[in-house]
Amino acid sequence: MKFYDCPDPIGNNATKEEVIDHLAFELARIQKMADEWFYIRDNVDHSAWLIDNLGGLLNVARNMGILNEVYERAYEYYDFRNSGRSGYTLKDGVIVKEEDVNAKN
């Protein structure tokens, strides 16, 4: 995912799919930044701060009844399902098992 790949801006007449796409992109973008702070820069506090700031976005999606769709679309931008789990790390912008990284070295 490149940060400049953001979907076109949405207006007052946005479709449900456009809203899902925008919220998903932001969720994936912020999660990717948090993972970089967590895994590469070893700064858990800043990573947690970024994740904490996703609360508003997630509340909007939840209140609109599209939270599951937002997560599923976000995984298409950046698959963060194993982010922060024990035994996983960030390698070349992708969350992978540590044993896979060690096996290739």
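Across segment 29-51, what is the number of residues that are of a type in the set (Lys, Arg) and either surrounded by 15 or more Cβ atoms within 10 Å (Cβ to Cβ) or within 20 Å of Asp79 (Cβ to Cβ) (or both)? First the steps, then the outcome.
From segment 29-51, those of a type in the set (Lys, Arg) are 29, 32, 41; that's our starting set.
With the extra rule that they be either surrounded by 15 or more Cβ atoms within 10 Å (Cβ to Cβ) or within 20 Å of Asp79 (Cβ to Cβ) (or both), the set shrinks to 29, 32.
Total meeting the criteria: 2.
Of the conditions (1) more than 18 Å from Met33 (Cβ to Cβ); (2) in contact (Cβ under 8 Å) with a residue 40 or more places away in the chain, Asn59 clears all except one; give me its number.
(2)
For residues that are among the acidic types (Asp, Glu) and either under 19 Å from Lys97 (Cβ atoms) or under 13 Å from the mean Cα position of the chain (by Cα) (or both), scanning just segment 43-84, find the one that is modelled with the highest pLDDT.
So, considering only residues that are among the acidic types (Asp, Glu) and either under 19 Å from Lys97 (Cβ atoms) or under 13 Å from the mean Cα position of the chain (by Cα) (or both), the one modelled with the highest pLDDT is Glu72.
Looking only at segment 66-102, count every residue that is in contact with a strand residue (DSSP E or B) (Cβ under 9 Å, 6 or more places away or on another chain), at negative phi and loosely packed, with under 13 Cβ neighbours inside 10 Å and tell me the total.
Residues flagged as in contact with a strand residue (DSSP E or B) (Cβ under 9 Å, 6 or more places away or on another chain), at negative phi and loosely packed, with under 13 Cβ neighbours inside 10 Å within segment 66-102 amount to 4.
Go through (1) loosely packed, with under 14 Cβ neighbours inside 10 Å; (2) in contact with a Lys or Arg (Cβ under 7 Å, 6 or more places away or on another chain) and name the single condition Asn63 misses.
Result: Asn63 fails condition (2) only.
The values are calculated or read from the model by the stated rules, or taken from the named source; none is laboratory data. Keep in mind the model is a prediction, meaning the values are calculated, not measured. Methodologically, a virtual Cβ is constructed for each residue, glycine included, from the backbone with ideal geometry; neighbour enumeration extends over all protein chains shown.
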